[in-house]
Every structure is written in structure tokens, then in C-alpha cells.
1. Quick check on this structure: which one of B:451, B:495 is at the interface with chain A (Cβ under 9 Å from one of its Cβ atoms) and surrounded by 14 or more Cβ atoms within 10 Å (Cβ to Cβ)?
2. Suppose the filter is assigned to a helix (DSSP H, G or I) and either assigned by TED's automatic domain parsing to the domain that holds residue B:28 or in contact with a strand residue (DSSP E or B) (Cβ under 8 Å, 6 or more places away or on another chain) (or both); does residue B:469 pass it?
3. Which one is farthest from residue B:514 (Cα to Cα) among residues in the range B:584-598 that are crowded, with 16+ Cβ neighbours inside 10 Å and more than 7 Å from chain A (Cβ to nearest Cβ)?
4. Go over the candidates A:287, A:277, A:298, A:268 one by one and state the one that is within 16 Å of the ligand (Cβ to nearest atom) and in contact (Cβ under 8 Å) with a residue 12 or more places away in the chain.
5. In the range B:476-487, what residues are at the interface with chain A (Cβ under 7 Å from one of its Cβ atoms) and assigned to a loop (DSSP other than H, G, I, E, B)?
6. Is it true that residue A:217 is at pLDDT 95 or above and either in the same structural domain as residue A:282 (by TED's automatic domain parsing) or surrounded by 24 or more Cβ atoms within 10 Å (Cβ to Cβ) (or both)?
7. Within the range B:126-170, how many residues are modelled with pLDDT under 90 and within 14 Å of chain A (Cβ to nearest Cβ)?
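The values are calculated or read from the model by the stated rules, or taken from the named source; none is laboratory data. Because the structure is predicted, anything quoted here is derived from the model rather than measured. Here Cβ is always computed from backbone atoms with ideal geometry, including for glycine, and neighbour counts include all displayed protein chains.
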Ligand SMILES: [Zn+2]
């Protein structure tokens, strides 16, 4: 009987070794270890054994069972792993094939840059305000210290919709409207983006474009504050290495007035085609609010001072993206809108 | 304004190079457009004399010149020029020379004859031929006969100079003169200014009785100075003057004209020279023109006058348009023997209006428009008389007529250095303020601890109050020396309004749905209304009109957004971008009866055409009505807009009558969605379906952004049931939904339509709609009986209302 048990163990192991899949293993398990399996059959014949032999054979039979079960488990693991590996290998795909396309959608570059600029200034405590695109002569010119016959009117060729009504030529009327509504409340800090219109249409001018106006009024707002705020803006917008340069200039509604240049974003100031070799790019105009404008809007110009600045959104956007043709911004060619 | 570096040195010592000078005047507020270093490229070009000319044996059009460029030996040069004669002195480029534009000269053979160099024209030396005198502008440049031979030709052609071109701001008319720029330079470098002499030697004979000046409109002509010159000889002005005029871009003509131009450039005062003998009765009358009066101006054009223009007339009629241009009849010619020199102050606005109206801009009108120095008129007349007299061109009658009815005083303005510091954020001492203002020729007086008084010369009409003086101090002190600080006052929060946040969110949501943002113009042609089939009586045709549009395409302000976005589709279609999903936000404009300003409403429009992107494993889908409606629903959902419904829009002519709907929010019409009408597509030359929606943001803004409160998630499982009903084809899904929800009651959590079928499985004229219903209660698990009861009330109401049959 002992021999028989040993033979079963040997035979079963050979079968398990030869089995090539989990199904075969299960058949072998049933054949040797099942309720009607070989091992059980042998154990059933234990009745014919002597009392001394019985425990020994019983023990042997148990150890054969344990040994086989262990062996079976090992083989099962081996085969499972093998099958998994085979499956994974079968399931291989070309991961370099393109993904399923999403409908992308993008914001217009002007909107994105406007948002960035607004974010910089709201972070500095400025509120975003808007104003009408169709304006009166009063808000667009008179209240900004640009009376009729003023030479500055020549610089801004205007579209008229009525004798005293026009398409605003700049966002500056928002300054006046805001001050009028707030006076004599301070501090006042606003940023005013919007569409503006000028009678000009060529490679570098569009009859409709965008400006962003800024204004701060308070006790003791200084020209130095203007320089500081615009320095922060230039560095946030174009990178911390950007340098700014203030040149005296002229606007009827600021005094002193300045034109602000930043170090060229393309060449870093060494001089290139974009900056015409000067290393500088003109990006905005600014100044201390003209006392007359403060007075017209209801502020005592002895007590309060302020600064104002205005920039062209198209100019900033073109510099940020390296766009060299203004028309692209209004053509709405999808290849442009998708690319940028 | 072109400023010659060499010429400028006559009035001020310049301690730096032209390029450095350009930098520092830019920093002081005179923007430099360019610096042209003349003759910089030129090498080895000498003055030479043509000793002999002989004909070329092999070519009719060529000649052989023997040229002396210094030393004993002459060199042989072949040229095709036809304006040279023996003994002419000309610029000669020898072998190894370099000309303007980098051209190099080598020894060569022309038709078999050796040529050792080249005779040069002004253009080849880089001179502006437009400003060369007539006799030098064409062909080889013939230099004056007393020019020494063998010298660097640059010295004798005005090329040893640099020209700084200024782009002046409109307030700095005073810098439209050499003396004005010199004043700035003197202030920047703290050096002294040298004024040119203006003291002609006069004859014993006085002007009195020979001429008369009557000013009829003092407000348009504040001052009129006349000088009388006699024994006038008209000839070419000296080379130095010609060179200076050329450097300023002015072509030399003859000595009389050149001197008036020279003084205009030097002092900024426009002058005019009349042929005295052509002025009837020696009379100058400054008056308004008579309507329709005609004058032939110097440029040969007949000008018809309007009555608000100012003219200079004699007893018989106009002889000049004041401040703009003189008349041809009284022009100085070779026969002129007496000249009446005009130096006047005309009103800036009047000159601007006149020159705008006539489309005639001159160096004179440019200066009058900006405002010249009323107290400089006499000095300019004297200066011109002196220059002409010194070149032997005339004698000067003693005295002058100076009609100056109302003397214009210099303004006196107080300035407080404390205020300078307050405004600039940097303390600048009283002494420095004084020094800067004095260096700019302002007079400083009555100093005390508060500040001092500043007398502003009349050549600075732009200075009228303290802040203007502060700017002068700041710009000469240097903007770059003012520190950079941040406002020190009470802090402010800063941010966007609710409205602005919602508008931004809307754009983001549309982008998230795969739609691209576009920006279109706010104006378009009125023809767009016809293209869109907008009814004649529609309020949309009541527009704001632009009175002076650039083109017909931009004549009215938009009242709807659709033209802009359809134009995008057309534009892209023509560039073979067939698939588009684009939106645009902006304002539309409606006239208002009770206000000058129109109503401005924020609108949104989106267009979709073509297919979604396909890929190797995904078929593309049409961007059709349901695709677009899905996007609309998604956007409204994310914006938190509740209570939206669509009502079929049979009556809108722009859209497909069976495929369009009005968008309603809480019963208020807020927009439209639909397929564009085929006839409209035809008008836009599109042969592919386009679906669009337009939305009035003002309505949306009322309902957007309302935050929902959280509803607890269900604790008990729900039950799903499918229900397919067959109803007539014309029953709207919306109505079926409404009945199902009504009959389903509170326990019906969700209804989804998952299939619509028409075809041979259902009878003709019918459709099957399959719904998936979810029942759920918050407080218990529903029993089958409860659910069945709901289902049967749903089916019975559908049966009753729509004669619906259950489909098994
Ligand atoms: Zn650059």
C-alpha cells in the first residue's frame, strides 16, 4: 500500500508537470485528489490494514495529499502567470497611434492677454470697469482737456454718429465717467479695457482695436508710484528681467506725461528687427492726471493727485505671441485661432 | 523736423556725438525718429577738376575725362554723363572708393578704354536728390568753381554732418526750429545759447509812406510786421546756406526764397516775401476772404476761398492765403527789385481749418497751427533782412511797419518746489528747479521760502499752469532719476464685477465645449440685413449710422451678431476650412429716442458648420441642430441658468422654419437657435449647412450664477424602467416629457429619451419614443407595486392626451 501511495504521488507529479493549462490541472486534481480520486480510493482500502500499520499509512497518505496539493498550487500559479503573460502579449496595441480627438476650443488671443493684464492689476487693487463704446464729444474729448480745434484731435481720426456723438477713440472717457461717479471718494483704482475706433485701416492700423486704460486717484499719488506700478506690470507681463524706460511725452489729459518703453522681448535689448535696432519697444503712454481733468471730474486738484495710463491690447498681444501681422487678429482664420 | 548736427552747433556747444545727443534729447522729451550719419559709408571720394574732355573712340554716349584730384598727375575716367564741362569741379570716386549703399569702385575698362574711377551724382553720394537744387539734382553733381581740388568731397557736399529727425509732440511747436532745439540742448547740458544776429544796416530812407498794413481781423492776426527791401538782386544763395536748407529737407531755390526758409527753420517764424511792385498801392490788408474769391497759389493751383478763411490782400484782391501759401502773381522773380517781407502771427485754429479745408500743408502752416512766438515776429524779419543784406542781395529800408494792436504779455506762474516733490515723489531743491527753468529761458523772480514766480516766454504757449512747469523740471531733471514706488494710501481690494465674472465664465464654458472664440468688427454694411432676410419693418434695421465711414462695409453699428459670425464661416470656407465651431461676444447698438447715446447690449452668437474631427478609429459627426443644442444646454447648465425652454420659431426668415427655435428663459425670449435658412446661406455663398445660436446676454446675466444648494444623495436604491410609446409624428418630445413628469410625480427622479424611431415597425405617421425612467424615494426602497402604479398612470395619461400606444 505504501508503494501504491508513492506511485500515485509520482504519477500525479508527472501529470501535473505535463499539464499545459488550468483546465488540465483541474482534471488532474479531480483524478488524484477529488472525492472519488485515486488517493481516496487508496485510503478506502485502509480497512484491510493492521492496527499498527494504519496510523503509519494514514500519516503517509496525508503527507502525500499535502505534497500534491502544494505541488498543484505551485503549478497553478505558474500556469496562471503564463496565461496572463500570453494575454497581455496578445493585447498589445500601437500606443503611438493618435488619440481620439477632443473638440478643443480656445479663447481668442486678445481675450487671453486682456485677462492676464486684468489679473495683474486686480492683484494690485484695481477694479475692472467698462464704459459705452459710443460716446459724447464731451467725455471723449472736452472733459479730457481736448477742446475743439485742439491739435490732439488730429491724431485721433474719429468716426462720428451724430454731431456730438462718436465712436470712442480711446478708453480714456471711462476715466472721466468713473471719476465723476466717485468724486470726491478716494482711493480710486481702476482698469478699463474695451474696444475703441479710429478712422484708419492699413497694415498696422485697424478701424477697431482694443485699449486698456488705468487710473488711480488718491491723496499723494505720485509720478514715482506710476513708475512703480508700471514696472510691476511690465515684469509680470513680460518677465522679471524686463527693464522699463520712461520718456517725456505729451497727452492733453496727463501732466507730466510719459511714453513707456520696455526692453525688447525678442532680443532682450541688444537690438533686432522687431525693435528697429534700438533694444526698446514702446508699449504704453501714461502720466499724472492733469489737474484740469481732476477738476472737471469733481476732484480738488490741490488735495488729490492721480496717475493714468493706456496701452494697446493688440500691441501687447502681438509682442507676447510674436504675431507680426495685425490683420490676423480680426480675420478669424480658424487655422490661426486653432494654432495660437 | 530734421536737425543738422553741424548747423545746431552754431547756436549751442554740444559736448557729445550725434548719437549721444539723440539719446539725451529723447530722454528730455523730443523723440528722435532717426539719426542719419551722412557720408558715413563714403570713402575715397575727392573733389576733382575736369581738365580735358575727349570723345570715346568706340562709343557715342561715352566721353573720356582727364581729371585732376590733386597732385601733378591727372587720371583718366570714362563717363556717360552729359552735364559735365571742362573746368567743372565734381566729386570723384577713385579706385577703392565706397559710395552710398556700399557700392565699391574698381579700376575698369569701358568699351576698351581704361577708367580709373567715377564721377559722382548727388544720389550716388547718398544725398536726397529731392532737396538738391535743380541744377545739381540731375546728373553729376557740379560743385562751386571755387571749391579746392583734391579734398575729401564730403566736406564740400554737406556730407560731413549728421541729421537727427525729430518726431515732435503737438505741444512742442517751439522745437520746430533750430533755436528751439538748441534751447533744449543748452538746458540739458547746462551750456549757453547763442542767438543769431538780427541787426541789418539800414538805409537812411524810411519805410514810412511806402507801405501800409491794415488788420481787419485782429483775433485772427495778432501781429503783422513788414520790412521793405530795395535794390533786390535774385541769385543763388551761398553754399553754406544751401547745405543747411538741404539738411532740413528743403530745396534751395534762390536767395530770397532761401532766406525766408532759412529763418523759418532757424527761428520757427514763417516769412513771406512779396514782390512789392505787384502789390497794388503798397497796401497789405489782412481780412476774411469773400466767398468764392479766387487766388492762384505758388504751386500753380487755383484756390476758391470760403468766407471764414483769412487772406492777405492788396487794394485789388487777395495775394496770399494767410499762413498757408502765397499767391503766384506776387511771387518774387528774377525781375523783382523791391521785396515786402511779411512776418506775422496768425491764429492757430484758423490756419488749421484753412489748410485742412484746402488740403494744403506747408512748412508755414505747420508752424502757425502749433502757435508761434508772437513776440518774435520783428526779430525774424530783421534776421532775414540782415542775411539778405549781408549776401549783397538788397538794401534795407529803415524802420518797419509793426501792426501789433494788442501786446501779448508773458504769463507769470508761481511754482512751489514742495509741490514738485508732492507730485513727482522725489524732492527737487528750489535751486535745481530755478536752474532748470532758467536754462529753458524762463525768467525766475520773487523768490521766497514757499517758492518763486516764473515768467514764461511767449515762445512756450504750452505752459499755462504750475503743473506744466513741474513737467519741465521733471523732464530736464530726468524721468529716470525719479524712483519707482507703489501707492502708499489706503489699500483697495480690486477685482471684477459679477457681470464681468459671468461673461468670462461664459467664454470659458463655450471653449470647454470645443468652440473657438472669434472677434469681429462692431460695424457692417446695411446690406447684411437683406442677406439675412430681415423684414423691412424689423427693429433690427433701425441702426446707428456712421456719418464718415471708411467703406460701405462699415457704415452702421451692428444690431445683431449674426453677420459677423457668418462672415467668419464664409471667410474660412473660402480658405478651405470647412469645419467651424466659433463664437463671438460683443455689443449691439440700438438708437434711443430720449438719449444721444444708444442702448448698448451685450450679445453672444455662435456658428457651427461641417463635421466634428474624425480619426482613424472614430467616425466624425455632423455639427447639426442637435449637436449645437447640446452645447447650448451644456453651457446654460454650467452657467446655472434654470428654466430654459425652446419654442419652435416658424416665423423667423433668417432660419430654417422647421429647424429653429426661440430660446426662452423663464418665459422671456432670450435668443434663437437653428439651422440657417438655405436662401440666407446662398446670400453668403455657402453651400453647406450652418447652425447657429444667438443669445441676449442681458437676459442671461439676470439668471446666471445663482448657486444651487446641495440635495443629499439618495440612501435607498432606485428602480429603472423603460417605456416605449407610439405617438403621432407631430407630437413634440417636450410635451411627452411634460406629461410623463406630471404623472410620474415626485417619485420619478429622472427621465431620459433614449430612442426615437420612425419606419415600418410603426404605423405611417407615427413615431416611437423610448424613455428610460428612474423612480426613487428619499425615505424608503420602493415596492414594485408603487412603481407599477406610477407607470400605469403615465401610460394612461399619454393614452388620453396623445392617443399613445405602448410598444412591446
Ligand atoms: Zn529687439
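1. Checking each option against the conditions leaves just B:495.
2. Yes, satisfied.
3. Restricting to residues being crowded, with 16+ Cβ neighbours inside 10 Å and more than 7 Å from chain A (Cβ to nearest Cβ), the top hit is B:591.
4. A:268
5. Scanning the range B:476-487 gives B:482, B:483, B:484, B:485, B:486, B:487.
6. Yes; evaluated as a whole, the condition is true for this residue.
7. 1
Conditions (1) within 19 Å of residue B:219 (Cβ to Cβ); (2) free of Cβ contacts under 8 Å to residues at least 12 places away in the same chain; (3) assigned by TED's automatic domain parsing to the domain that holds residue B:179; (4) in a loop (DSSP other than H, G, I, E, B), marked per residue:
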residue: B:274; (1), (2), (3), (4): no, no, no, no
residue: B:290; (1), (2), (3), (4): yes, no, no, yes
residue: B:296; (1), (2), (3), (4): no, no, no, no
residue: B:306; (1), (2), (3), (4): yes, no, no, yes
residue: B:332; (1), (2), (3), (4): no, no, no, yes
residue: B:336; (1), (2), (3), (4): no, no, no, yes
residue: B:342; (1), (2), (3), (4): yes, no, no, no
residue: B:351; (1), (2), (3), (4): yes, no, no, no
residue: B:355; (1), (2), (3), (4): yes, no, no, no
